[in-house]
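Here's the structure we're looking at; comments come further down.
The values are calculated or read from the model by the stated rules, or taken from the named source; none is laboratory data. Quick caveat: nothing in here was measured; it's all calculated off a predicted structure. Cβ coordinates were reconstructed from backbone atoms using ideal geometry, including for glycine residues, and neighbour counts include every protein chain displayed. Surface areas here come from the heavy atoms of the whole protein model, side chains and all, with no ligands, DNA or RNA. Shrake-Rupley method; radii C 1.70, N 1.55, O 1.52, S 1.80 Å.
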Amino acid sequence: SASASLASVGVPHTLGRAGSMFSVFFGHGPDGGPVRDYDDARQQSTGAFRAFFHEMLGRGVYLPPSAFESWFVSAAHDDEAVEQVLDALPHAAAAAAAALEGPPQRR
């Protein structure tokens with residue numbers, strides 16, 4: 001899952017869901033808990049989302065292009081599509097983690 005992949009590389013995130021709709025926020029609420037509203041969502045790392053999004057896109061997975069949009073799962077997602085997403089997740093999680101670390105420091 002997206003949450004497991006992000007957690008495995010230490011990317012702080014909140015997964016919100018309702019039925020087959022979900023959102024991944026690259027950060028937590030102000031108390032370290034879940035993102036509960038727009039003000040909480042605005043505090044997330046859009047840089048981490050951007051890196052995650054572009055890595056997924058480069059691997060053929062088309063996500064909503066904004067860190068504030070919901071993702072949807074439907075019956076149209078067959079086993080092959082789900083496998084493609086699952087295969088891309090660890091790479092995208094690593095890209096998000098690298099984005100949180102920032103650019104390499106020059107000496």
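Some observations on this one:
- Label corresponding to Cα Rg over 2.2 N^0.38 Å when calculated from the structure given, among (i) 1.32; (ii) 1.21; (iii) 1.07: (iii)
- Heavy-atom accessible surface of the chain, averaged per residue, reaches 64 Å², computed with a 1.4 Å probe.
- Each peptide among 46-54, 28-36 gets the average number of other Cβ atoms lying within 10 Å of its residues, and from highest to lowest they stand as 46-54, 28-36.
- In the chain, Cα pairs under 8 Å separated by at least six residues give a relative contact order of 32 percent.
- Counting 0.36 nm for each residue step from L100 to D78 and taking away their Cα separation leaves a gain of 4.7 nm.
- Debye, to nearest 20: dipole size of the chain, +1 on Lys, Arg Cβ, -1 on Asp, Glu Cβ: 500
- Taking θ as phi - 60° and the Karplus parameters 6.51, -1.76 and 1.60, the scalar couplings of segment 24-39 work out to 10, 9, 8, x, 10, x, x, 9, x, x, x, 6, 10, 8, 4, 4 Hz in sequence order, x denoting glycine and proline.
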